[in-house]
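Presented below is the structure to which this report refers.
The values are calculated or read from the model by the stated rules, or taken from the named source; none is laboratory data. Quick caveat, the model's predicted, so the values are computed rather than measured. Note: ideal-geometry Cβ built from the backbone for every residue, glycine included; neighbour counts use all protein chains shown. These area figures cover heavy atoms from the full protein model, side chains too; ligands, DNA and RNA do not enter into them. Shrake-Rupley method; radii C 1.70, N 1.55, O 1.52, S 1.80 Å.
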Amino acid sequence: KRMPYATGADLENVMNEAAILAARARKKKIDQQLLVDAIARVQMGPEKKSHKVNEQDKRMVAYHEGGHAIVSYYIPECSKVHEITTIPRGQAGGYTMYLPQEEFNFVTTARLNAEMASLMGGRVAEAIVFGDISTGASSDIKRATEIARQMVTEYGMSEKLGPILFDSSDHSIFIGRDFGTTKSYSEETAAIIDEEVKALFDKAAAHCRQILTDHRQQLIDLAEYLLEHETISGEE
């Protein structure tokens, strides 16, 4: 469950990492906890426990990750939250780890909308609690915009445009035209694509905001727990 869609090479990387961790800990066997740590290292990078983080950034990270988790918890189509931590790892100031209940060959509109709403959870939580937003949501915004654009241009999930493929060679994440690419459709169609992408994005953000507004106290409780303990499991 921790390694859905993994290839043999991915599993080999995890086992190699677990063996290194076992050697450092002077253990004779690779146990479950070493595998868990190895998966996190491969997926997110090494922990930075010695990295100094100021109190304001800690609070921002706690509420950001809490926002992702609360939104995911209340949308049935989202993968189950497995762990949340505010310990920096790799390039991330903290992270929320998910475990899919099963592997899917096909992804529905509902699941894509749910993923977008979940991705916006961190940014919206920051806005609700602090009245301000940080740069920490940049990768979330990038991924959510990619999903919305793919839904419209590749998956035929736009009511206005229907099941038509629009220039799948262009994976620009920006809402707007990529002037270096020749388009296979008109400027009028490009404008509709932009409108549809923004509409999907705005709908997901509104759903996210509604959940976090309704469950604000749970968001606060979760963030305060993270500020004290740094990590919480899905069960907790």
Would you check the accessible area of GLU195, probe 1.4 Å, heavy atoms only, in square angstrom rounded to 10? 100
Suppose accessible area is computed on protein heavy atoms with a 1.4 Å probe; arrange HIS215, HIS229, HIS64 from highest to lowest. HIS229, HIS215, HIS64
Provide the per residue accessible area, probe 1.4 Å, for region 1-147, rounded to a whole number of square angstrom. 57
For region 50-145, give the percent of accessible area contributed by carbon and sulfur heavy atoms, probe 1.4 Å, rounded to a whole number. 51
At R0 = 22 Å, how high is the FRET efficiency between ASN16 and ASN105 if r is their beta carbon distance? Nearest 0.05 is fine. 0.15
Please work out the FRET efficiency for the pair GLU230 and ALA23, using the Cβ-Cβ distance as r and a Förster radius of 30 Å; give the result to the nearest 0.05. 0.70
So which residue, out of VAL14, VAL61, VAL152, gets the largest mean-square fluctuation from a GNM of the chain using Cα contacts under 10 Å as springs? VAL14
MET3/GLU187 FRET efficiency (R0 35 Å; Cβ-Cβ; nearest 0.05): 0.20
Normalised alpha carbon radius of gyration of the chain [divisor 2.2 N^0.38 Å]: 1.13
Name the most mobile residue of GLY93, GLY122, GLY156, meaning the one with the largest mean-square fluctuation, in a Gaussian network model of the chain with Cα contacts below 10 Å. GLY156
Region 205-230-region 57-104 distance, computed between alpha-carbon centres (Å): 11
Please compute the Kirkwood hydrodynamic radius of region 33-142 from all pairs of different C-alpha atoms, in Å with one decimal. 14.8
What residue among GLY67, GLY131, GLY94 shows peak mean-square fluctuation when the chain is described by a Gaussian network model with Cα springs under 10 Å? GLY131
